[in-house]
2 protein chains.
Amino acid sequence: MITTIAGGVGAARLLAGLVQVVPPRELEAIVNVGDDLVLHGLSISPDLDTVTYTLAGAINPETGWGLVDESWQARSMLDMYGGVSWFGLGDRDLGTHLYRTQRLAEGADLVTITREIASAWNLELSILPASCDPLRTMVTLAEDDPEGTDTPPLPAGTEISFQEYFVQRHHGVPVSSVRIAGVADARPSPGVIESICDSEFIIVAPSNPIVSIEPVLAIPGVREAVSARRSQVIAISPIVAGAALKGPADRMLTELGHEASVVGVARLYREFSGTFVIDVADAAHAPEIEALGMRCVVTPTVMKTPALAAELGQSILDAMRGNS
Amino acid sequence: MITTIAGGVGAARLLAGLVQVVPPRELEAIVNVGDDLVLHGLSISPDLDTVTYTLAGAINPETGWGLVDESWQARSMLDMYGGVSWFGLGDRDLGTHLYRTQRLAEGADLVTITREIASAWNLELSILPASCDPLRTMVTLAEDDPEGTDTPPLPAGTEISFQEYFVQRHHGVPVSSVRIAGVADARPSPGVIESICDSEFIIVAPSNPIVSIEPVLAIPGVREAVSARRSQVIAISPIVAGAALKGPADRMLTELGHEASVVGVARLYREFSGTFVIDVADAAHAPEIEALGMRCVVTPTVMKTPALAAELGQSILDAMRGNS
């Protein structure tokens with residue numbers, strides 16, 4: 001088995017590349033749940049759904065989240081009522097949240113429910129929520145956020161949930177700190193530690209280091225288990241030429257005192273990852289990565305097409321199986 | 001003000017008739033909440049929604065419940081997952097439940113939320129949930145219910161919720177008793193007692209006496225308030241020629257030891273209703289009604305069209321304003 005520590009879109013694309021070069025049954029994804037939220041009474045797991053929908057070939061290609069062939073009737077009604085509609089709940093997507101919420105109410109755990117959902121989509125790879133306990137990534141604003149068209153003003157120092165930052169405020173406000181609420185008491189889902197310990201190697205997907213990867217590593221026991229296998233860990237930089245391909249990873253790194261570069265990410269990952277993959281655009285930084293004590297792999301990492309994602313997957317395989 | 005004690009479809013049709021002959025601002029409906037349920041984490045109030053959607057002219061004319069121009073994308077996904085889908089949640093209808101659930105989570109009460117929803121539909125009549133406290137009409141099965149295509153078998157004596165009886169099992173199994181769970185501790189919504197005490201007169205809609213009207217009357221203080229105004233109470237029989245126009249009222253009456261006839265309903269209502277309206281098909285029973293101490297009004301009560309509903313509304317007005 002090959003284990004991947006995964007956030008949302010970037011991880012989903014990498015996994016969609018890997019299934020082209022590895023039998024899907026040999027892949028397991030441990031997925032961030034720090035972005036999860038309860039909205040309108042529904043339990044929503046954005047990263048789990050993005051991975052599932054992408055691997056099912058059902059992701060909305062225009063948005064990178066949600067389902068293809070989506071309709072928005074429920075949302076139109078919510079708008080008519082003046083309700084909370086900043087989190088885009090399509091009608092088909094709602095079916096997933098309704099199912100998850102009902103099953104949780106029946107006493108099923110998130111591992112079981114995630115497996116059931118993946119099975120309904122005929123997925124062969126294993127998708128594991130990092131924890132069944134409620135984790136919530138919280139973000140503290142570094143500056144006053146003025147009133148928006150549909151958001152109230154918030155003073156600097158206010159702590160809001162990740163989705164309020166990311167979706168409602170379009171990650172447009174600087175951040176002074178990130179806290180993963182509930183993580184001290186959280187347990188890794190059954191199978192997570194085993195997956196890390198027993199896998200052939202571990203991939204850290206090109207996801208946001210602070211709000212996608214860290215909420216997985218911060219679960220007690222996970223970082224230690226990954227670190228113990230450092231020589232069998234390969235991380236892919238989500239930063240290319242100083243910028244995030246998607247989302248606020250570059251700004252967040254800077255705001256939190258890190259460097260928004262492959263070197264900055266490598267510094268965060270060096271303790272637990274023996275190999276670091278950077279894009280060809282960053283080839284000049286390879287000596288700095290090596291100087292941090294990581295093996296550096298330079299290869300195209302921008303997954304604009306499924307074929308490019310498969311090539312990145314093959315490069316990872318080659319690096320970890322000694323063919324590089 | 002004219003106050004109507006209301007269940008779902010029959011009450012909604014009567015109210016839609018009344019607004020044609022009375023200024024809507026002079027109408028208040030006190031609506032049953034015993035059918036309410038939480039499903040998939042969503043707070044659903046079927047009778048409130050049926051009244052609201054009907055008065056808004058947005059009810060699905062084919063089903064008598066739910067919204068017109070409805071789509072079923074969320075339900076299709078639930079079916080794909082093998083989830084609970086017996087309760088028909090259309091995509092537009094889901095918007096209402098999402099809004100209600102979110103507002104409840106924010107701390108708003110059901111009276112406020114119901115008013116907000118009615119306002120969004122531009123309704124002028126007042127729609128009041130009978131209680132903001134959780135009432136649940138529970139039904140005990142008189143016989144074994146064999147396994148259905150999507151329902152597990154249940155032995156006689158099992159108590160299930162009203163919606164499990166009505167929707168999931170298509171009210172096809174005999175009932176030995178009905179219990180309104182939570183009613184002893186429930187309080188009438190703010191305004192309910194005032195509405196009953198201060199109104200010009202009180203209409204008891206042609207709804208199921210046992211599972212629509214009784215859960216309103218059983219809330220502490222309501223039956224007493226209605227009874228105190230007995231001479232100003234007019235009830236319309238939901239039974240015509242021994243049968244319910246919709247739903248299981250006739251069978252339920254028989255199963256619970258009452259008579260499935262206008263006389264059987266009159267016996268249940270005589271203590272608190274001075275006037276009883278029966279259909280022309282039941283004219284022969286008028287002397288029996290009068291013998292029970294109720295004034296009997298004989299008029300067409302079957303609201304096949306909006307015009308017929310308006311005529312019934314006018315007959316009620318005439319009866320209570322002395323023009324009959």
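Every number here is computed from the coordinates shown, using simple stated rules; none is lab data. This structure is a prediction, so every number in the text was calculated from the model and none was measured. All Cβ positions, glycine included, derive from the backbone under ideal geometry; neighbour counts span all protein chains shown.
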At the level of C-alpha centres, the distance separating the range B:286-324 and the range A:38-89, in angstrom, is 50
One checks the Cα atoms of the range A:1-61 and finds Rg and Dmax, in Å, of 12.2, 40
Per-residue average of other protein chain Cβ atoms inside 10 Å, peptide B:166-178 -> 0
Looks like the protein assembly as shown, by Cα gyration tensor root eigenvalues a ≥ b ≥ c and the a/c under 1.5 rounded cutoff (else prolate when a/b is bigger than b/c, oblate otherwise), is prolate
Copies of B:Ala241 compared via label points 7 Å along Cα→Cβ give distances in nm, shortest first, of 8.1
At q = 0.20, 0.21 Å⁻¹, the log10 of I(q)/I(0) for the range B:133-269 from a Debye sum over equal Cα scatterers comes to -1.22, -1.28
With the charge dipole of chain B built from beta-carbon charges (+1 for Lys and Arg, -1 for Asp and Glu) about the Cα centre, the Cα from B:Ser45, B:Ser207, B:Gly247 projecting farthest to the positive end belongs to B:Ser207
If every Lys and Arg gets +1 and every Asp and Glu gets -1 at its Cβ, then about the Cα centre chain B yields a dipole, in debye to the nearest 20, of 580
In deg cm²/dmol, rounded to the nearest 500, the helical mean residue ellipticity at 222 nm of the protein assembly as shown, built from -39500 (n - 2.57) for every DSSP H run of length 4 or more, is -9500 deg cm²/dmol
Here the percent of antiparallel bridges among DSSP beta bridges lying wholly in chain A, to the nearest 5, is 45
Of all DSSP beta bridges with both partners in the protein assembly as shown, the antiparallel percent, nearest 5, is 45
With label points set 7 Å from each Cα along the Cα-to-Cβ direction at A:Glu106 and A:Arg267, the distance between them in nm comes to 5.0
Taking Cα pairs closer than 8 Å and at least 6 residues apart, the relative contact order of the range A:84-183 in percent is 26
If the chain between A:Ser76 and A:Ser119 were fully extended at 0.36 nm per residue, the gain over the current Cα-Cα distance would be 12.4 nm
The range B:136-184, Kirkwood Rh and Cα Rg, ratio Rg/Rh at 0.97
In vacuo Debye sum over C-alpha of chain B, base-10 log of normalised intensity I(q)/I(0) at q = 0.06, 0.09, 0.11, 0.14 Å⁻¹, listed in q order, is -0.19, -0.44, -0.67, -1.11
With the label set 7 Å along Cα→Cβ, A:Cys197 is separated from its counterparts in the other copies, in nm and shortest first, by 7.0
At 4 °C in a medium of viscosity 1.567 mPa s, the range A:81-211 has a Stokes-Einstein diffusion coefficient, with Rh taken as the Kirkwood radius over alpha carbon pairs, in µm² per second, of 74
In this structure, the FRET efficiency calculated for A:Gln168 and B:Glu259 from their beta-carbon separation, with R0 = 41 Å, to the nearest 0.05, is 0.10
In whole angstrom, the spacing between the Cα centers of the range B:220-273 and the range A:145-221 equals 58
Taking a straight Cα-to-Cα line shorter than 26 Å from A:Lys246, and setting aside same-chain lysines fewer than 8 residues away, one finds A:Lys304
Rounded to 0.05, the calculated FRET efficiency for the beta carbons of B:Ala156 and B:Ala291 at R₀ = 35 Å is 0.40
Taking Lys and Arg as +1 and Asp and Glu as -1, residues besides B:Thr305 with C-beta under 12 Å from its C-beta add up to +1
Of all DSSP beta bridges having both residues in the range A:1-137, the percent classed as antiparallel (nearest 5) is 30
Between B:Cys197 and B:Arg223, the two model label points (7 Å from Cα along the beta-carbon direction) sit apart by a distance in nm of 2.0
Contact order relative to length for the range B:109-244, counting C-alpha pairs under 8 Å separated by 6 or more residues, stands in percent at 23
Once both label points are put 7 Å beyond Cα along the C-beta direction, the A:Ala142-A:Ser176 separation in nm becomes 1.1
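If I take every Cα pair under 8 Å that is 6 or more residues apart in the range B:136-184, average their sequence separation and divide by the length, what percent do I get for the relative contact order?
50
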Per-residue average of other protein chain Cβ atoms inside 10 Å, peptide A:98-106 -> 6
Inter-copy distances for A:Gln168, label 7 Å out on the Cα-Cβ vector, sorted ascending, nm, one decimal, are 3.4
